[in-house]
Amino acid sequence: MNPLRAASFVACGLAPRRVETGWLQLPEGLVLDRVVGVATDSVGRVLVAHRGERPLLAFAADGAFLGELGAAHMRKSVVYDLRGPLPVALPERHWLHGLHVDARDRIWITDVGRHLVMQFDPTGALQAALGEDGVPGEDGGHFNQPTHVATVLGGGFYVTDGYGNSRVARFDEGGSFVAAWGRGGTGPGEFHTPHVIVVDGGGDVLVT
């Protein structure tokens, strides 16, 4: 490894790690823009979600570009028209926020601009879209700027329903709403824009 392309660090008492730069082989003309998530799947692919053109990309473990996923359902994240002297809110907003790959290699994307949670199969085919496109809400069929997804090994998943509702929503394996808890605030059981959610091996739900 070229020492000029790598750096070593030690964190949290772990063994030394090396950060290697320049390994990702992007197609000519494509630039990563505000990366929102990186995940790996069971076959070793590295999936990258970002807010630029071609938002969901797949790479081999050695950095070779494998292709774009979900192209028909995502586009560059834009919420304002910046061509004039002042920003103007667009009627159709796209703003990717979270990426999660579950144990079955299903790919989960949250879009806070469209108030959607999308589930794709490993090939990038859309399998489900939860919420109403472009319409925020507080009931079990709507989100208000959802930020992240965590799946449960026994089935079902959680969504941090983030900027607008400041809650955690739970769904069964079929995507039906089960329950929600939390609201905006600083007290016990309250959140201030929950961003990321994880379910640990013991089934505890961790929210940032």
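Summary table below
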read-out: Integer Hz, Karplus 6.51/-1.76/1.60 couplings in order for region 59-72, x for Gly and Pro; value: 10, 6, 4, 8, x, 5, 6, 9, x, 9, 10, x, 4, 6
read-out: 5 angstrom amide H check on G184, placed H, neighbours 5+ away; value: F191
read-out: Region 26-207: relative contact order in percent, alpha carbon pairs under 8 Å with at least 6 residues between; value: 12
read-out: Full-stretch length increase - V35, S176 - with 0.36 nm per residue and alpha-carbon distance subtracted; value: 47.8 nm
read-out: Summed side-chain charge close to E190 - residues other than E190 whose Cβ falls under 11 Å, Lys, Arg +1, Asp, Glu -1; value: +2
read-out: Global geometry of region 26-207, whether rounded, prolate or oblate, following the gyration tensor of its Cα atoms and the 1.5 cut on a/c; value: oblate
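Where a number appears in this text, it was derived from the coordinates with a stated rule and is not lab data. Because the structure is a prediction, the values reported are computed rather than measured. Every residue, glycine as well, gets a Cβ built from its backbone with ideal geometry; the counts of neighbours run over all protein chains shown.
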